[in-house]
Each structure stands twice: as C-alpha cells, then as structure tokens.
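The values are calculated or read from the model by the stated rules, or taken from the named source; none is laboratory data. This structure is a prediction, so every number in the text was calculated from the model and none was measured. A quick note on method: Cβ atoms are made from the backbone with ideal geometry, for glycine too, and the neighbour counts reach across all protein chains shown. The accessibility values were calculated without ligands, DNA or RNA, using every heavy atom of the protein model including side chains. Shrake-Rupley method; radii C 1.70, N 1.55, O 1.52, S 1.80 Å.
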Amino acid sequence: MTAEKFALAETILFTAAVMAYLIATVLYFIFFSMKKEWAGKWAGQVMVLGFAVHTLALVVRGVGAGRLPLTNQYEFATSFAWGIALCYLFFMKKYGFRAMGVFVAPVVFLIIGYAAMQSREVNELMPALQSNWLSIHVSTAIISYGSFGVAFGVSMLYLFRGKMAEDEFRRKELPELERLDLISYRAISLGFLFLTLVIVTGAIWAERAWGRYWSWDPKETWSLITWIIYALYLHMRLTKGWRGKKAAWFAVIGFVCVVFTYIGVNTLLPGLHSYA
Amino acid sequence: MKKPLWKRILSFLHSMKLAMILLGLIVLACLAGSMIVQGEISAYYESMYGVNIACLIQSLQLDQVFTCWWFVILVVTLCVNLLLCSVLRLGIVIKKCGQQTDFRCRISVWGPWLCHVGMLLLIAGFALGQNYSLESYMYGVPGETKHVEGTEYSIRINDFTIELREDDTVKQYTADLTVIHEVDGAEISGIAQVNHPMDAFGMRVYQNSTGWASQVDVYRDEVLEDSSLVCVGEALIPGSMPELALVFDKFYPDYVETEQGAMSKSSALNNPCAAFSLYYGNQRFASKVVSMDHKVIADPFWFVFHDPQPYTLIQVVYDPYMGIAAAGGALMLISLVICFYVRPQDMRKKKTGSSDTQIDKNEEKSV
C-alpha cells in the first residue's frame with residue numbers, strides 16, 4: 001500500500017470515529033436530559049463502535065508512518081482521545097453503569113475534534129524524538145490522562161446527580177453518590193500512578209536527549225503542577241476524609257490542569273515540547 | 001496543660017497542614033514560573049509588562065522563580081516536613097508491620113512511608129546535582145581537541161557526520177570522540193549521537209547541537225596576518241586593529257536569491273555563501289553575502305571565507321548525584337503501586353458476602 005492509500009484509509013477511519021463520538025455525545029445528552037433509556041443503550045454501543053474505528057485509524061496511521069503515532073500535536077491529541085475512550089470502556093465494564101459516558105463522551109469528542117484541526121501530515125522524526133523512552137513516556141501519558149478524563153466525567157456526574165430529583169431514572173441509571181465518589185477516586189489513583197510514570201520516563205528521555213532530566217520547561221512544570229494537585233487530592237481524601245463535592249471539584253480542577261498541560265502549554269507557552 | 005513551644009513547633013513542622021500549605025505555595029510558584037518567561041534582562045520585562053509590573057516581577061524574583069531564595073526555602077521546608085514525618089512515623093510503620101501476619105499486609109503498610117522517602121531522595125538528588133554537578137559545553141570541527149572546563153580532561157573530535165534522509169531532513173548527528181585525561185594520558189573513544197550519549201571517566205558526553213563554521217583568512221596590506229575557524233554568530237577581530245570586527249551572520253550551503261530574500265536550497269555544499277557584517281567601533285558599516293574565496297576588502301584589510309564545514313556542539317555532564325534522584329523516582333513508583341494495588345489479604349477475603357462499596361472503603365483506608 002502506498003503512503004497516499006494509508007492516508008486515505010486513515011482519513012476515512014478517523015472521520016468515522018469523530019462522527020461516532022459526536023453521535024454518542026448527542027445520544028448521551030438525550031439519555032440524560034430527556035431520560036430516554038433507549039438513547040443510553042445506543043450511546044454505549046456507538047461509543048464502542050467509535051473506539052473500534054478509532055483504534056483502526058491509529059493502527060493504519062502507525063503502519064503507514066512505520067512508527068507509533070505519538071509524536072506530534074495531531075497524533076498525541078487523537079491518542080489522548082483514544083486513551084480516554086479506552087479508560088471509559090474499562091471503567092464502564094468494571095463498574096457497569098453507562099451514564100458514566102454522559103460527561104466522558106463530550107470530552108472525547110472535543111479532544112478528537114482538536115486533533116482534527118491539526119495537520120495530519122506524516123513527518124519523519126527529528127533525532128531527539130527517535131527514542132523508545134519517548135514511546136513509553138507518551139503511552140503512559142495516554143493512560144494517565146485517560147483515567148483523569150474518566151474521573152472528571154464521573155465527578156461531573158456526581159455534581160449533577162445531587163441536583164436531580166429522586167425518580168425511577170435516577171435510581172436505575174445513576175449509582176449512589178458514594179459509589180460515584182469511589183469510582184472517581186479509583187480512576188484518579190490509576191491516573192496518578194501513571195502520571196508519576198510519565199514524569200519519570202520523561203525525565204529519563206530528557207536526560208538522554210538534552211543532558212538534563214529536569215529543566216523547568218513549561219510542560220515539565222505543568223505536569224508537576226498537575227501531579228501536586230492530584231497528590232493534594234489524595235492526601236486530603238485519605239487523611240482529612242475529603243469526600244463528596246469537595247473531592248469532585250478537585251477532580252474537575254485536576255482535569256482542567258491536565259488539559260492545560262497538554263493543549264494550553266503547547267499553544268500558549270514556549271518550550272522544548274513545542275512539537276507535542 | 002499547654003504543650004511547650006518547641007513541641008508545638010515540632011508538631012507543626014511535621015504536620016500534614018504544613019505539607020498542604022507548602023505544596024499549595026509551590027503550585028503558585030510554578031504557575032508564576034511557567035507563565036512569566038524566566039531569566040530575561042530587565043528591558044524584556046519592561047517591554048512585555050510595563051515598567052511598574054517589570055519592577056514588581058524583579059523585586060519578587062519572579063523572573064528566576066526556580067532558583068530564588070524563597071522558592072528554595074519552600075522546598076527545604078517541605079523536605080524538613082517530609083524528613084520529620086518519615087522519621088517519626090518509622091516506628092509506627094515497623095510496629096504495624098510486625099502486627100501483620102500476611103506478607104502482602106506487611107508490604108502494604110510501607111507504601112506511604114516509602115513514597116515520602118522516595119520524594120525526599122528525588123529532591124535531594126536534584127538539589128545536589130543542581131549545585132555540585134558539572135556541565136560544560138564546547139564546539140569544534142574534526143581534528144580539533146578542546147579542554148573541558150573545570151576538569152582535567154579534553155575531548156578530541158575525530159569525526160562529525162550529519163546523516164540526511166532523501167527529503168533532506170536530518171536522521172542523526174554523529175560525533176566520533178576521544179576523551180583524554182590530560183594528566184596521565186588515558187583515553188576513551190566512542191560515539192555520541194542525539195539520544196545516545198557517550199560515557200567516559202564517569203562523565204556523560206552529549207551530541208548537543210550543530211552549526212556552520214568557516215575558515216577566515218585575514219590579510220593586512222596583502223600579508224596573511226591571521227587564519228581562524230569562525231562559527232556563525234561569532235566575530236573575528238584582527239589583532240592589529242581591535243576596533244574592526246567581522247561578524248559571521250549566516251551561512252548558506254546552497255545559496256539562492258529569491259523574492260523572499262536569500263535562502264539555501266538544500267543543506268549540500270553546492271553554492272556555499274557567507275553573510276557577514278563589518279563593524280568599526282561598534283558601528284556597522286557594511287553587510288553583504290559573499291561566496292567562498294571571495295575577497296572582502298576593508299582597507300587595509302582583506303577577509304577571505306573558505307573551507308566551510310559543520311561544527312559540533314558537545315555537552316559534558318558530570319552529575320554523581322543523578323543516581324540518588326533516580327533511586328527516589330523508582331522508589332516513588334514502587335511505593336505508589338504498593339499504596340494503590342497491594343491490598344491486605346484479609347480484606348480480599350471479606351469480599352464474599354459483603355457489598356463491593358463496603359470493601360472498597362476498607363481498601364481505601366489501607367492506602
């Protein structure tokens with residue numbers, strides 16, 4: 001297959017994934033705002049379909065480029081969205097409630113939408129990016145950010161659930177507040193472990209590529225800020241017993257930091273990570 | 001009865017409250033340090049933010065957040081907090097560990113303590129490295145030997161190659177180097193590439209960057225006075241007239257004149273040209289692009305550019321404390337796995353017959 005054919009196949013699959021996530025977002029909206037159960041069932045199915053097509057798009061991209069698609073704005077944005085979808089499906093399977101997607105699907109759609117606005121050109125890697133440590137660094141970032149994305153979605157659900165009237169839909173489709181709080185904590189624990197791994201592997205790569213494992217580059221600094229925010233969350237939760245709304249708000253703020261670390265730093269602050 | 005003052009101070013110093021305050025302040029400092037460009041001169045901040053805000057930035061040292069005294073105090077206080085906390089809790093952790101019968105339970109009680117120790121090691125290793133490690137840069141072309149500042153070593157550049165792809169993008173920079181101990185003459189040879197540094201005598205040698213250099217001959221009254229290798233961005237000052245300076249502004253390996261101005265068609269040496277400026281007493285009086293071997297006349301001098309070649313920028317780092325930081329990072333990762341995923345065995349057994357939420361809460365308490 002030629003490079004053009006790979007590009008065409010990827011474009012078709014990527015567009016299909018964007019459409020699937022958009023449809024899932026709309027269906028989840030109908031499910032949650034109009035309390036239509038059929039929409040929730042379909043939304044879950046469409047999310048799975050979107051994830052499958054998205055996975056294929058990434059595989060085609062990887063085969064066409066001859067490397068893991070993790071090295072520029074487009075590739076990381078699409079992988080970031082894929083990571084959130086993966087973590088969503090994992091947590092949905094583990095805890096078994098589809099309403100989790102109400103706030104996760106829009107995040108996946110927005111991030112893949114951001115990817116769609118980036119250049120999809122396949123470029124050869126500059127020498128600094130030709131490293132296995134980079135692949136490990138970015139792969140762990142995808143899982144970490146994905147878990148934080150799920151924690152954000154679940155925490156948003158927590159904040160909304162408290163405002164909803166007690167009815168059949170709420171009893172059937174939404175777990176108890178305590179359970180939502182716990183799922184958010186679980187997702188943050190996983191994300192925090194992987195974020196630590198992201199920082200450590202990034203430091204190893206930086207040491208080999210630039211001779212310094214930590215240089216207070218804006219991306220590094222923001223990943224540290226995000227790490228401290230979640231560390232504060234975990235400490236407050238485990239020692240001061242922070243639960244409920246406070247913890248949910250912390251999870252939301254943490255995810256805002258995650259998004260800024262990825263998109264804000266790249267677009268607003270100059271630094272060594274300008275390519276990613 | 002009220003506790004004595006020293007006990008109250010000690011109690012505050014190892015408290016969670018202080019740790020939370022310090023982490024919050026460090027976050028604010030990091031925000032400032034990432035939003036405000038660091039390490040620029042006064043004029044930069046004045047042009048960016050105006051005189052009053054620039055003054056405020058500099059008086060609060062927000063232009064050098066990560067090295068200023070108040071940031072160091074924050075981090076040192078955090079370390080004191082972590083150290084006291086770790087020391088005082090060690091006994092409790094050992095006691096708890098002794099009370100457990102199951103191996104996994106014994107391991108799990110160490111999680112948070114190990115995480116704090118790991119963080120301490122990481123900060124200590126980084127701080128020692130920042131203050132006592134050596135970092136030196138040198139540039140040169142094949143055949144040159146350069147002294148490594150602050151050491152008894154020099155580096156000979158045996159060869160330097162730039163591997164290009166078909167589309168003219170760089171695939172890899174490779175420097176063939178020999179590190180020489182100047183006292184006993186011991187040598188270690190090796191290759192330094194981007195992402196693949198070379199290790200020699202406990203130092204790490206990096207292929208950091210590259211650029212173009214050209215040999216420049218200086219003639220005065222038609223007599224060769226000097227011949228030096230000049231890199232782009234450098235100035236050549238004739239010894240017999242220090243008021244005169246030739247600055248090598250830019251190099252075009254494959255020069256072509258376009259509507260957008262001068263540019264290079266490729267990185268191959270097809271039509272090498274040098275852009276230069278001439279200064280007399282800090283006043284620029286000429287600026288031009290010339291081909292190689294062309295005479296640049298600034299009476300009574302001539303300058304001739306010839307034999308252009310890429311130079312390599314070599315970075316040498318000696319950081320014996322990096323291992324401490326690495327051990328700290330590894331310990332933190334292991335401890336987080338212990339914290340979140342090594343669950344006490346007896347709680348797992350309780351899963352049968354009780355609600356999942358109840359078990360989850362128990363597991364959470366173990367963290």
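At a Förster distance of 60 Å, what's the computed FRET efficiency of residue A:38 paired with residue B:171, Cβ-Cβ distance as r, to 0.05?
So the FRET efficiency works out to roughly 0.65.
Might you report the magnitude of the Cβ-based charge dipole of the protein assembly as shown about its Cα centre, with Lys and Arg at +1 and Asp and Glu at -1, to the nearest 20 debye?
5720 debye
When you take every Cα atom in the range A:166-229, what is the radius of gyration, and what is Dmax, the widest Cα pair distance, in Å?
Cα-based Rg and Dmax for the range A:166-229 come out at 18.6, 60 Å.
Determine the gain in length on full extension of the stretch residue A:59-residue A:267; use 0.36 nm per residue of separation and subtract their C-alpha separation, reporting nm with one decimal.
Roughly 72.2 nm would be gained on extension.
When the dipole is taken about the Cα centre of chain B, and only Lys, Arg (+1) and Asp, Glu (-1) are charged at their Cβ, what size is it in debye, to the nearest 20?
4080 debye
With axes computed from alpha carbons, what is the tilt in degrees of helix A:177-210 against the longest principal axis of chain A, rounded to the nearest 10 within 0 to 90?
10 degrees
Hey, what angle do you get for helix A:37-65 against the long axis of chain A, alpha-carbon based, 0 to 90 degrees rounded to 10?
Taking Cα atoms only, the helix is inclined about 10 degrees.
For the pair B and A, how large is the buried accessible area, both sides, in square angstrom to the nearest 100, if the probe is 1.4 Å?
4300 Å²
Structure shown: which of A:5/B:171; B:146/B:265; A:36/A:163; B:265/B:288; A:41/A:94; A:163/A:246 lie over 21 Å apart, alpha-carbon to alpha-carbon?
A:5/B:171; B:146/B:265
Sequence neighbours fewer than 8 away in the same chain don't count; with that in mind, list the aspartates and glutamates whose C-alpha is under 20 Å from residue A:219.
A:75, A:207, B:40, B:63
Which is the longest part of chain A that has none of the GluC sites (Glu not before Pro) sitting in a DSSP loop with at most 10 other Cβ atoms within 10 Å?
Maximal segment without exposed cleavage sites: A:1-120.
Simple spin-label model, 7 Å along Cα-to-Cβ: residue B:76 to residue B:137 in nm?
Roughly 3.0 nm, to one decimal.
Work out the mean other chain Cβ neighbour count within 10 Å for the residues of A:67-76 and drop it here as an integer.
Counting Cβ atoms of other protein chains within 10 Å of each residue's Cβ and averaging gives 0.
Using a 1.4 angstrom probe and counting only protein chains, how large is the accessible area of residue B:161 in Å², to 10?
70 Å²
What figure, in Å² to the nearest 10, do you get for the accessible area of residue A:129 with a 1.4 Å probe and non-protein molecules left out?
10 Å²
Restricting to DSSP H runs of at least four residues, report the calculated mean residue ellipticity at 222 nm for chain B, -39500 (n - 2.57) per run over all residues, nearest 500 deg cm²/dmol.
Value at 222 nm, helices only: -12500 deg cm²/dmol.
Please name whichever of B:287, B:302, B:264 sits farthest to the positive end of the charge dipole of the range B:212-313, dipole taken about the Cα centre and charges placed at Cβ: Lys and Arg +1, Asp and Glu -1.
Result: B:264.
Quick check for you: with a 1.4 Å probe and neighbouring chains kept, what is the accessible area per residue of the range B:135-202, in Å²?
Per residue, the range B:135-202 has 51 Å² of solvent-accessible surface.
I want the local charge near residue B:307. Using Cβ-Cβ distances under 13 Å, sum +1 for each Lys or Arg and -1 for each Asp or Glu among the other residues.
So the surrounding residues net to -2.
First measure r as the distance between the Cβ atoms of residue B:265 and residue B:215, then evaluate 1/(1 + (r/R0)^6) with R0 = 30 Å and state the FRET efficiency to the nearest 0.05.
My answer for the efficiency is 0.80.
Which of the GluC sites (Glu not before Pro) found in the range B:174-242 are loop residues per DSSP with 10 or fewer other Cβ atoms within 10 Å of their Cβ?
Here the GluC sites (Glu not before Pro) that fit, given the DSSP loop and packing criteria, are B:222.
How crowded by other chains is B:24-36, given as the mean number of beta carbons from other chains within 10 Å of each beta carbon?
For this peptide, the per-residue mean of nearby foreign Cβ atoms is 4.
Going through the cross-link list A:245/B:96; A:240/B:3; A:245/B:95; A:245/B:3; A:93/A:245, which pairs have a Cα-Cα distance over 30 Å in this structure?
In this structure, A:245/B:96; A:245/B:95; A:245/B:3 exceed 30 Å between Cα atoms.
To the nearest 0.05, what FRET efficiency results for residue B:67 and residue A:168 with a Förster distance of 56 Å applied to their C-beta separation?
The value I calculate is 0.40.
Between A:106, A:218, A:127, find the one with the highest GNM mean-square fluctuation for chain A; connect C-alpha pairs within less than 10 Å.
Comparing A:106, A:218, A:127 in a Gaussian network model of chain A, the most mobile one is A:127.
Want the number for residue B:12 to residue B:287: 0.36 nm per residue separation, take away the alpha-carbon distance, what's left?
92.4 nm
Per residue, how large is the accessible surface of the range A:51-161? Use a 1.4 angstrom probe and give square angstrom.
Value for the range A:51-161: 34 Å² per residue.
Please compute the contact order of chain A in relative form: average sequence separation of alpha-carbon pairs under 8 Å and at least six residues apart, divided by the residue count, as a percent.
Computed value for chain A: 18 percent relative contact order.
Could you please state how large a percent of the accessible area of the protein assembly as shown is carbon and sulfur, counting protein chains only and using a 1.4 Å probe?
Here carbon and sulfur together make up 62 percent of the probe-accessible area.
What do you get for the angle between helix A:132-161 and the principal long axis of chain A? Use alpha-carbon atoms, 0 to 90 degrees, nearest ten.
20 degrees
Name the residues of the range A:108-157, by number, that are at least 30 Å² less accessible with every protein chain in place than in the isolated chain; the surface is that of heavy atoms, probe 1.4 Å, without ligands or nucleic acids.
A:124, A:127, A:130
Once you mark the trypsin sites (Lys or Arg not before Pro) that are in a DSSP loop and have at most 16 other Cβ atoms within 10 Å, what is the longest gap between them in chain B?
Longest run free of exposed loop sites: B:3-164.
Which loop chymotrypsin sites (Phe, Trp or Tyr not before Pro) in the range B:249-350, with loop taken from DSSP, have no more than 12 other Cβ atoms within 10 angstrom of their Cβ?
When the chymotrypsin sites (Phe, Trp or Tyr not before Pro) of the range B:249-350 are filtered for loop state and at most 12 Cβ neighbours within 10 Å, nothing remains.
Which distance in Å, rounded to a whole number, links the C-alpha centroids of the range B:115-138 and the range A:103-178?
Answer, in whole Å: 34.
At a 1.4 Å probe, which residues in the range B:192-227 are at least 10 Å² less accessible with all protein chains present than in their chain isolated?
B:194, B:195, B:196, B:197, B:204, B:206
For residue A:19 paired with residue A:94, estimate the spin-label separation in nm (one decimal), with each label point 7 Å from Cα along the Cα-to-Cβ line.
It is 3.3 nm.
Along the charge dipole of the range B:1-99, pointing to its positive end and built from +1/-1 on Cβ of Lys, Arg, Asp and Glu, which listed residue (B:16, B:76, B:53) has its Cα farthest out?
It is B:16, whose Cα lies furthest towards the positive end.
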